[in-house]
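Q: Structure provided below as structure tokens; questions to follow.
Laboratory data are not the source of any read-out in this text; all were calculated from the coordinates shown. Quick caveat, the model's predicted, so the values are computed rather than measured. When we count neighbours, we look across all protein chains shown, and the Cβ atoms used for this are built from the backbone with ideal geometry, even at glycine.
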Amino acid sequence: MQIRSILVTGGAGFIGSALIRYLIEHTDHKIVNYDKLTYAGNLLSLIPIENNPRYHFIQGDINDAQKVQCALQQHNISLVIHLAAETHVDRSISGPKTFIDTNIMGTFVLLEQCRRYRDSLDNKMAKLFRFHHVSTDEVFGDLGEEGLFEEQTPYAPSSPYSASKAAADHLVRAWHRTYGLPVVLSNCSNNYGAYQYPEKLIPVTILNALQGKPIPIYGNGQQIRDWLNVDDHAAALCKVAFEGKTGESYNIGGWNEKTNLEVVRAICHQLNQIVETKPVGIEDFNALITFVDDRLGHDSRYAIDANKIANTLGWKPQESFETGLNKTILWYVNNMDWCQQVSQLAFEQRPAQHRQN
């Protein structure tokens, strides 16, 4: 395989950092991490590879056209894997503008700079260049009790977050069709694993349980998600980026449909076995489960049909939900310092008026 210089946007985020660690460990490519370092992006997740000579970090906003162009040119980028995004649904409901600015406008700026950059390349390098846009299954909206999201499923986003990602997907396809920009797309299911920002369901459950705090569950907890281990996702992203057919999209899922309540109870069950000294007054972590008002516009079920990527690119997840969850729980139990540092960094980055307990 030809050695590439790869620009990963959002490489300090949860999925981006997992992808970079995977690329450094399993390939010989040069990796440029381009990240704004917002509350959910931090370099602590990249400490294991930060001194590798094939890794380089640039702190920058994808809306900064000049900085994006400089990164592309200075590092002779031949592949862009675009993960930079605002991703938390709750935050998109309370403050949608940031999601529009980053997920839609940021993707537009990035596409335009990639188009301009590719047009400046000689014929050989121009043919090598490609753009991989990483998206979510939430763009498809809500599933009934049966069926799976396929690549041809019509878009029906429910939240400002998913709407912004759907818009970005459409922009990428338009830049391919109109301008000939060589692109591939992927839409993934719910990711979990080590180094996930502590506001998502699985780390929230683990950390709240260990601290003896209530474990919140929206509504009745019967919302169904397909769970994908982040390291499996990183491997799939490489398959799509390097081997995917130009102009095609690929759904990436773990074949692990679970209700939110099932996930939380599975975590509590494992913690009951792992943790010898529980918080004062807690004999069973299940007692901390607390049902709260449901999220606005909460989709009831997501489920991915990942047959296309399996049949055409030969990728299948290696982790079952049970093995992946066990590894994830053990990682958090043994890395509480990381969680505290990340939470403190996020607190320091918030505007003063939002720093309320």
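Q: Which of rounded, prolate, oblate describes the range 1-127, given a ≥ b ≥ c as roots of the alpha-carbon gyration tensor eigenvalues and a/c under 1.5 marking rounded, otherwise prolate only if a/b is larger than b/c?
A: Note, shape of the range 1-127 comes out oblate.
Q: A further question on this structure: Work out Dmax and Rg for the range 176-266 from the C-alpha atoms and quote the Rg first, both in angstrom.
A: In Å, with Rg to one decimal and Dmax whole: 16.9, 55.
Q: Which whole-number percentage describes the relative contact order of the range 129-228, with Cα contacts under 8 Å and a sequence gap of 6 or more?
A: Relative contact order, the range 129-228: 30 percent.
Q: Fewest Cβ neighbours within 10 Å first, please rank Leu228, Leu296, Leu325, Leu210 accordingly.
A: Going from sparsest to densest Cβ surroundings: Leu296, Leu210, Leu325, Leu228.
Q: Okay, next question. Choose one answer from Leu46, Leu128, Leu237: the residue with the largest mean-square fluctuation in a GNM of the chain with alpha-carbon springs under 10 Å.
A: Leu128
Q: Still on this structure, please answer the following. For the chain, what does the helix formula give at 222 nm: sum of -39500 (n - 2.57) over DSSP H segments with n ≥ 4, over the residue count, nearest 500 deg cm²/dmol?
A: -12500 deg cm²/dmol
Q: Something else now. Please give the Cα centre distance for the range 60-114 versus the range 122-141, rounded to the nearest Å.
A: For the range 60-114 versus the range 122-141, the Cα centre distance is 13 Å.
Q: Which whole-Hz couplings ³J(HN,Hα) result when phi for each residue of the range 197-211 is put into the Karplus expression 6.51 cos²θ - 1.76 cosθ + 1.60, θ = phi - 60°, listed in order with x for Gly and Pro?
A: 4, x, 9, 7, 3, 5, x, 4, 4, 4, 5, 4, 4, 5, 9
Q: If I build a Gaussian network model for the chain, linking alpha-carbon pairs within less than 10 angstrom, which residue out of Phe129, Phe291, Phe108 has the largest mean-square fluctuation?
A: Maximum among the listed residues: Phe291.
Q: Per residue of the range 312-324, in order, report the coupling 6.51 cos²θ - 1.76 cosθ + 1.60 (Karplus, θ = phi - 60°) as ³J(HN,Hα) in whole Hz, putting x for Gly and Pro.
A: 3J(HN,Hα) across the range 312-324, in whole Hz: 9, 10, x, 9, 9, x, 8, 9, 6, 4, 5, 6, x.
Q: Still on this structure, please answer the following. How far is helix 14-26 tilted, in degrees, relative to the longest principal axis of the Cα atoms in the chain, given as a value from 0 to 90 rounded to the nearest 10?
A: So the inclination is approximately 60 degrees.
Q: Largest first and in whole Å, give the semi-axes of the chain's equivalent ellipsoid, each being the square root of 5 times a Cα gyration tensor eigenvalue.
A: Over the Cα atoms of the chain, the semi-axes work out to 33, 22, 20 Å.
Q: Under 5 Å between amide hydrogens, which residues at least 5 positions from Ile215 or on another chain qualify, with H placed 1.01 Å from N in the peptide plane?
A: Ile289, Thr290
Q: Along the range 243-259, what does the Karplus equation 6.51 cos²θ - 1.76 cosθ + 1.60 (θ = phi - 60°) give for ³J(HN,Hα), rounded to whole Hz, x for Gly and Pro?
A: Taking θ as phi minus 60°, the curve returns 10, x, 6, 4, x, 8, 10, 9, 7, 10, x, x, 6, 10, 7, 9, 6 Hz for the range 243-259.
Q: OK, next. Which of His56, His176 comes first, and how do the rest follow, when ranked by fewest Cβ neighbours within 10 Å?
A: Exposure proxy ranking, most exposed first: His56, His176.
Q: Give the order of Lys124, Lys200, Lys245, Lys30 when sorted by the count of other beta carbons within 10 angstrom, beginning with the fewest. It would help to have the intermediate numbers written out before the result.
A: Numbers: Lys124 7, Lys200 16, Lys245 11, Lys30 21.
Starting with the residue having the fewest Cβ neighbours, the order is Lys124, Lys245, Lys200, Lys30.
Q: Still on this structure: Which value results when the Cα radius of gyration for the range 144-218 is divided by 2.2 N^0.38 Å?
A: 1.55
Q: Now for a separate question. If amide H atoms are built 1.01 Å from N in the plane of the peptide, which residues on other chains or at least 5 residues away come under 5 Å of the amide H of Asn187?
A: The list, which skips near neighbours in sequence, is Ser135, Tyr250, Asn251, Ile252.
Q: Okay, next question. List every residue whose amide H lies under 5 Å from the amide H of Ile81, counting only residues 5 or more places away in sequence or on a different chain, with H placed 1.01 Å from N in the peptide plane.
A: Amide H to amide H, under 5 Å and 5 or more residues apart or across chains, Ile81 pairs with Leu7, Val8, Thr9, His132.
Q: Shifting gears a bit: Order these peptides, 79-86, 22-29, by their mean beta-carbon neighbour count within 10 angstrom, highest first.
A: Details: 79-86: 24.9, 22-29: 16.2.
Descending mean neighbour count gives 79-86, 22-29.
Q: Against the longest principal axis of the chain, how steep is helix 336-349, in degrees 0 to 90 to the nearest 10, with axes from Cα atoms?
A: Tilt of helix 336-349: around 60 degrees.
Q: Now, a different point. Please compute the length gained on full extension between Tyr155 and Leu44, using 0.36 nm multiplied by the number of residues separating them and subtracting their Cα-Cα distance.
A: Separation in residues times 0.36 nm, less the Cα-Cα distance, equals 36.4 nm.
Q: Considering only DSSP beta bridges with both partners in the range 2-156, what is the antiparallel share in %, to the nearest 5?
A: Within the range 2-156, antiparallel bridges account for around 0 percent of the total.
Q: Quick check for me: using +1 on Lys/Arg Cβ and -1 on Asp/Glu Cβ, what's the dipole size of the chain about its Cα centre, in debye to the nearest 20?
A: Result for the chain is approximately 1120 debye, rounded to the nearest 20.
Q: Starting with the highest mean, order 152-159, 304-311 by the number of other Cβ atoms within 10 Å, averaged over the residues of each peptide.
A: Highest to lowest by the protection proxy: 304-311, 152-159.
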